[in-house]
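These notes concern the structure reproduced below.
The values are calculated or read from the model by the stated rules, or taken from the named source; none is laboratory data. Because the structure is a prediction, the values reported are computed rather than measured. Neighbour counts run over all protein chains shown; Cβ positions are idealised from the backbone, glycine included.
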Ligand SMILES: CC(C)(COP(=O)(O)OP(=O)(O)OC[C@H]1O[C@@H](n2cnc3c(N)ncnc32)[C@H](O)[C@@H]1OP(=O)(O)O)[C@@H](O)C(=O)NCCC(=O)NCCS
């Protein structure tokens with residue numbers, strides 16, 4: 001199994017928008033939006049790609065598009081705005097690798113905390129983030145378009161953590 005990570009370019013905008021629809025059906029707003037919520041400020045994919053404080057990393061496995069992560073550096077945080085792995089490639093450690101890529105980028109750029117938000121009722125993120133060392137620090141009631149609460153997760157990234165499940169599974 002060969003995993004390739006690369007930074008997205010404008011040529012990837014449709015792929016990224018497709019991921020948003022695939023991973024967050026009913027929560028993404030239109031084909032150019034990355035954010036899942038309309039009560040936060042959000043930008044379109046092209047603006048993200050041109051903004052030095054945001055980064056979109058794409059993953060492929062054996063040449064097939066497998067997933068992505070969108071990160072935003074601000075206020076001493078690296079905030080992961082979106083992360084998703086296609087069903088066929090799940091439970092192989094790919095999301096963990098994508099998240100670490102953002103944590104490393106954040107740390108290199110002075111961030112001390114990695115932060116994420118997930119829909120309170122989504123079961124996979126509620127398991128995934130704690131497995132990566134994240135703590136549920138607060139709840140944003142009714143944050144999502146469907147009225148669901150947002151759970152805010154944080155991790156101190158000033159110390160690199162060696163996780164037991166560090167490598168990719170074949
Ligand atoms: C959440 C998501 C990104 C996880 O991707 P993934 O590549 O399968 O995750 P990993 O393989 O890196 O998982 C690492 C660990 O997280 C936990 N985990 C991940 N998905 C899980 C699930 N569905 N159920 C229980 N635990 C899970 C496990 O502890 C796993 O380790 P293990 O496989 O050795 O048990 C993926 O399910 C996804 O894309 N879901 C749809 C989009 C989404 O919900 N994104 C997050 C929005 S906040």
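When you look at residue 95, is it in a loop (DSSP other than H, G, I, E, B) and either under 12 Å from the mean Cα position of the chain (by Cα) or closer than 15 Å to residue 53 by Cα (or both), yes or no?
Numbers: in a loop (DSSP other than H, G, I, E, B): no; either under 12 Å from the mean Cα position of the chain (by Cα) or closer than 15 Å to residue 53 by Cα (or both): yes.
In short, no.
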- Message: What pairs come out if I take residues in segment 118-130 that are within 6 Å of the ligand (Cβ to nearest atom) and pair them with residues that are not in a helix (DSSP H, G or I) whose C-beta lies under 6 Å away, six or more apart or interchain?
- Response: 118/151; 125/118
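Could you list, in sequence order, the residues of segment 98-116 that are in a loop (DSSP other than H, G, I, E, B) and within 13 Å of the ligand (Cβ to nearest atom)? Lay out the reasoning, then the answer.
Narrowing segment 98-116 to residues in a loop (DSSP other than H, G, I, E, B): 109-112.
If the condition is that a residue be in a loop (DSSP other than H, G, I, E, B) and within 13 Å of the ligand (Cβ to nearest atom), then no residue fits.
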- Quick check, is residue 73 under 21 Å from residue 13 (Cα atoms), more than 9 Å from the ligand (Cβ to nearest atom) and either at pLDDT 95 or above or touching a strand residue (DSSP E or B) at 6+ places or on another chain (Cβ under 8 Å) (or both)? yes
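Modelled with pLDDT under 95, more than 22 Å from residue 120 (Cβ to Cβ) and more than 9 Å from the ligand (Cβ to nearest atom), is that true of residue 45? Walk me through how you get there before you give the answer.
Values: modelled with pLDDT under 95: yes; more than 22 Å from residue 120 (Cβ to Cβ): yes; more than 9 Å from the ligand (Cβ to nearest atom): yes.
Here the answer is yes, as residue 45 does meet what is asked.
Do you know which residues across segment 99-111 are touching a strand residue (DSSP E or B) at 6+ places or on another chain (Cβ under 7 Å), more than 18 Å from residue 82 (Cβ to Cβ) and either surrounded by 16 or more Cβ atoms within 10 Å (Cβ to Cβ) or touching a residue at least 40 places away in the same chain (Cβ under 8 Å) (or both)?
The first filter runs over segment 99-111 and keeps only residues touching a strand residue (DSSP E or B) at 6+ places or on another chain (Cβ under 7 Å), leaving 99, 101-103, 105-106, 109, 111.
From what is left, the residues that are more than 18 Å from residue 82 (Cβ to Cβ) are 109.
Passing the criteria: none in range.
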- Message: Quick test of your reading of the structure: residue 63 fulfils all but one of (1) more than 15 Å from the chain's Cα centre (by Cα); (2) modelled with pLDDT of 95 or more; (3) within 10 Å of the ligand (Cβ to nearest atom). Name the failing condition by number.
- Response: (3)
- Item | Verdict on residue 86 being out of contact with any helix residue (DSSP H, G or I) (no Cβ under 7 Å at 6 or more places or on another chain), near the ligand (Cβ under 7 Å from one of its atoms), touching a residue at least 40 places away in the same chain (Cβ under 8 Å) and farther than 19 Å from residue 157 by Cα | no
- Item | Residue count, segment 43-59 (criterion: over 23 Å from residue 95 (Cβ atoms) and assigned to a helix (DSSP H, G or I)) | 3
